[in-house]
Amino acid sequence: MISNARAPATPGIDFIAHHALQAQSAQSVFDALSHRFHCRWRLGADQAADGQAVAAVLLDHRAFHPRLRKSPQGYRSLFHMSHDLGDIGLYGDERLDDFDVLLVPGPAHRDAARAALDRHDRIVEVGWPKFDPAPLPGDHAAFLEHLLALPQMPTVLYAPTWPNTWEWRELIPWLASMPCRLLVKNHILVDSGKPFPPGEERRYAECRRSIDAMEDHVRGLASANCLVAPASMNLCALFPRVDVLVTDSSSCAMEFLPFGTSIETGRTGAGNDPAGDFDPQGSRLCAAVKCLGFADMKARMPGPEAFLEFVATSRTEDIAGAESVIAARPIGQIGAGAAAIIAAWLDLFPAGTTQFDGEARRRFAALRRFWR
């Protein structure tokens with residue numbers, strides 16, 4: 001869930017995302033800017049200027065917003081932020097040349113953006129705002145309070161992106177038999193009440209069936225150590241209480257690296273060939289992410305003692321690996337730093353001024369160096 005705090009100030013800034021989980025990647029930026037500017041979320045495809053904002057921050061894929069452009073009567077400034085740590089190729093795949101500033105999570109995205117756009121200016125490493133604490137809705141806050149009150153013990157978070165693999169039918173019973181607390185957190189692929197993407201209806205419907213069955217299974221275990229987290233919760237809010245994250249093929253494995261050990265199975269649920277269903281994401285982009293299928297995990301951890309040893313000795317906290325993807329920024333201040341960049345740009349170019357003033361660009365470049 002996203003908050004929509006607003007301040008009665010101008011100019012307006014639109015934050016554009018496809019759904020609420022994308023929006024979590026910039027919620028703390030939104031909150032910081034709302035102290036000075038009139039900010040609003042615009043969720044869903046085909047967003048365009050409507051005269052109420054002079055700037056837009058895009059988290060979604062530009063292809064879903066064909067009318068998004070700069071104009072004197074609409075958005076005078078465009079900013080880009082990625083919602084996906086693993087989507088390094090977006091800078092070459094999408095038309096971002098006219099964006100004023102690209103706010104990237106870290107060195108890997110920075111280098112990809114520089115190469116794709118053939119420029120080094122106005123590409124700023126801001127870290128990962130999704131790490132910042134943000135106000136949680138009541139049920140999310142209650143779940144987190146409950147989790148924090150439980151006795152400390154090794155904790156595994158299973159967070160699949162593509163439940164239509166049904167790999168949970170093997171993984172969850174095995175993990176539940178180990179001496180650990182098991183959290184299960186689903187990925188919301190679309191917001192409630194929204195249609196599935198055209199052409200993907202069958203796959204998404206299968207995901208929905210699998211999610212319902214998986215959550216019912218975990219609740220049916222009736223174990224205090226097996227918990228289902230709210231599906232729309234910010235996954236990063238759970239990280240400080242987790243030792244091992246297990247996923248299928250997801251950039252959340254890289255998100256978790258500053259906190260513990262990340263494992264991905266590489267499954268995607270794509271196509272009709274289970275033998276060919278293998279396309280890991282995090283481990284291909286960052287060597288600190290372990291790629292282990294179910295058979296590999298059982299071989300590495302054949303029993304409770306081996307499981308506990310794995311948790312104790314393989315905890316990566318691979319700072320170098322994490323920082324190759326996520327620039328190190330103080331948690332709690334990441335969104336404020338990104339917001340300062342956006343605000344500085346808007347202050348340099350108020351309504352009626354040109355964006356091609358050399359001195360203004362030099363002043364902005366000096367500010368950018370602070371975040372390198």
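Residue count for the stretch 48-97 satisfying the condition of being assigned to a helix (DSSP H, G or I) and surrounded by fewer than 21 Cβ atoms within 10 Å (Cβ to Cβ): 6. Any residue that is at pLDDT 95 or above, within 20 Å of the chain's Cα centre (by Cα) and among the small types (Gly, Ala, Ser) - is there at least one of those in the stretch 219-236? For the stretch 219-236, residues at pLDDT 95 or above, within 20 Å of the chain's Cα centre (by Cα) and among the small types (Gly, Ala, Ser): present. Against the definition (within 27 Å of Lys298 (Cβ to Cβ), basic (Lys, Arg) and under 24 Å from the mean Cα position of the chain (by Cα)), how does Lys194 come out, yes or no? No: the conditions fail for Lys194.
Quick check, is Pro230 touching a Phe, Trp or Tyr at 6+ places or on another chain (Cβ under 7 Å) and in a loop (DSSP other than H, G, I, E, B)?
For Pro230, the condition - touching a Phe, Trp or Tyr at 6+ places or on another chain (Cβ under 7 Å) and in a loop (DSSP other than H, G, I, E, B) - is met.
The set of residues from the stretch 48-73 being over 21 Å from the mean Cα position of the chain (by Cα) and either within 9 Å of Ile16 (Cα to Cα) or of a type in the set (Ser, Thr, Tyr) (or both) comprises just one member, Ser71. Do the conditions hold for Phe131, that is, is it under 29 Å from Pro197 (Cβ atoms) and surrounded by 17 or more Cβ atoms within 10 Å (Cβ to Cβ)? The answer is yes for Phe131.
Given the criteria in contact with a strand residue (DSSP E or B) (Cβ under 7 Å, 6 or more places away or on another chain) and assigned to a loop (DSSP other than H, G, I, E, B), does Ser249 qualify? Yes.
Tell me which residues, restricted to the stretch 109-124, are surrounded by fewer than 21 Cβ atoms within 10 Å (Cβ to Cβ) and either in contact with a Gly (Cβ under 8 Å, 6 or more places away or on another chain) or among the hydrophobic types (A, V, I, L, M, F, W, C) (or both). Full working, then the answer.
At the first step, the residues of the stretch 109-124 found to be surrounded by fewer than 21 Cβ atoms within 10 Å (Cβ to Cβ) are 110-112, 114-122.
Correct list: Ala112, Ala115, Ala116, Leu117.
Total residues in the stretch 195-212 satisfying the condition of being touching a residue at least 24 places away in the same chain (Cβ under 8 Å) and among the hydrophobic types (A, V, I, L, M, F, W, C): the figure is 2. Name the single residue, out of those in the stretch 240-269 being free of Cβ contacts under 8 Å to residues at least 60 places away in the same chain and surrounded by fewer than 24 Cβ atoms within 10 Å (Cβ to Cβ), that is farthest from Leu136 (Cα to Cα). For the stretch 240-269, the residue satisfying everything is Gly266.
The values are calculated or read from the model by the stated rules, or taken from the named source; none is laboratory data. All figures in this text were calculated on a predicted structure; none of them were measured in a lab. Cβ coordinates were reconstructed from backbone atoms using ideal geometry, including for glycine residues, and neighbour counts include every protein chain displayed.
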